[in-house]
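Trainee: The structure is given below, and queries will be raised subsequently.
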Amino acid sequence: MRLNDLDERIVHALADDARRSYADIGTLVGLSAPAVKRRVDRLRAEGAITGFTVRVDPAALGWRTEGYIEIYCRPHTSPQDIRRGLERYPEVAAASTVTGEADALAQIFAADMRHFEDVLERIAGEPYVERTKSVLVLSPLLRRTHVTSTTG
């Protein structure tokens, strides 16, 4: 499904603030509140909007160290095997299969360096992992909470 311009503007308004009222969104996009609600309901039913959430600063939860772990897997490891292994770690914020030498990349939040090292060692010890390579984030430069279309 491809969003039209109006639906995209509604989605961006919700991505900026999911608690924004339909009336407020309507003012931004030139629709009535009921028309915005109908569109949001349709976007949810079609799966374009998958949910509403809150964004929390990881440091507020005590997670002050961020890093990435490149995961190099043993032969015949499926993406499902990697996912099952990583979803047990609350420190894993995101994980993806990737191109290049590594098989997967995991974003990690930890309380401190020792905690990060502990998570790294536990992931490296998973049966499907052949080796790992990690990098630590010094300063996040840009974090987007939603993607903006470049068309139109």
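Trainee: With the requirement that a residue be over 30 Å from VAL11 (Cβ atoms) and of a type in the set (A, V, I, L, M), what does region 109-148 give you?
Mentor: Of everything in region 109-148, those that are over 30 Å from VAL11 (Cβ atoms) and of a type in the set (A, V, I, L, M) turn out to be ALA110, ALA111, MET113, VAL119, LEU120, ILE123, ALA124, VAL129, VAL135, LEU136, LEU138.
Trainee: Take the conditions open to solvent by 90 Å² or more (accessible area, probe 1.4 Å), more than 30 Å from ASN4 (Cα to Cα) and of a type outside the set (Asp, Glu) and apply them to LEU141. Does it pass?
Mentor: Against the criterion (open to solvent by 90 Å² or more (accessible area, probe 1.4 Å), more than 30 Å from ASN4 (Cα to Cα) and of a type outside the set (Asp, Glu)), LEU141 qualifies.
Trainee: Just one of the numbered conditions (1) surrounded by 14 or more Cβ atoms within 10 Å (Cβ to Cβ); (2) without any contact (Cβ under 8 Å) to a residue 60 or more places away in the chain; (3) of a type in the set (Ser, Thr, Tyr) is not true of THR132; which one?
Mentor: The single condition THR132 does not satisfy is (2).
Trainee: While we're looking at this one, here's another question. Looking at (1) modelled with pLDDT of 95 or more; (2) under 23 Å from the mean Cα position of the chain (by Cα); (3) of a type outside the set (Gly, Ala, Ser); (4) surrounded by 11 or more Cβ atoms within 10 Å (Cβ to Cβ), find the lone condition where GLU8 falls short.
Mentor: Among (1) modelled with pLDDT of 95 or more; (2) under 23 Å from the mean Cα position of the chain (by Cα); (3) of a type outside the set (Gly, Ala, Ser); (4) surrounded by 11 or more Cβ atoms within 10 Å (Cβ to Cβ), GLU8 violates only (1).
Trainee: Another question about this same structure. Yes or no: SER134 at pLDDT 95 or above and either assigned to a helix (DSSP H, G or I) or of a type outside the set (Val, Ile, Thr) (or both)?
Mentor: yes
The values are calculated or read from the model by the stated rules, or taken from the named source; none is laboratory data. Please read these numbers as outputs of a predicted model, since none were measured by experiment. Here the Cβ is made from the backbone with ideal geometry for all residues, glycine too, and neighbour counts use every protein chain on show. Surface areas here come from the heavy atoms of the whole protein model, side chains and all, with no ligands, DNA or RNA. Shrake-Rupley method; radii C 1.70, N 1.55, O 1.52, S 1.80 Å.
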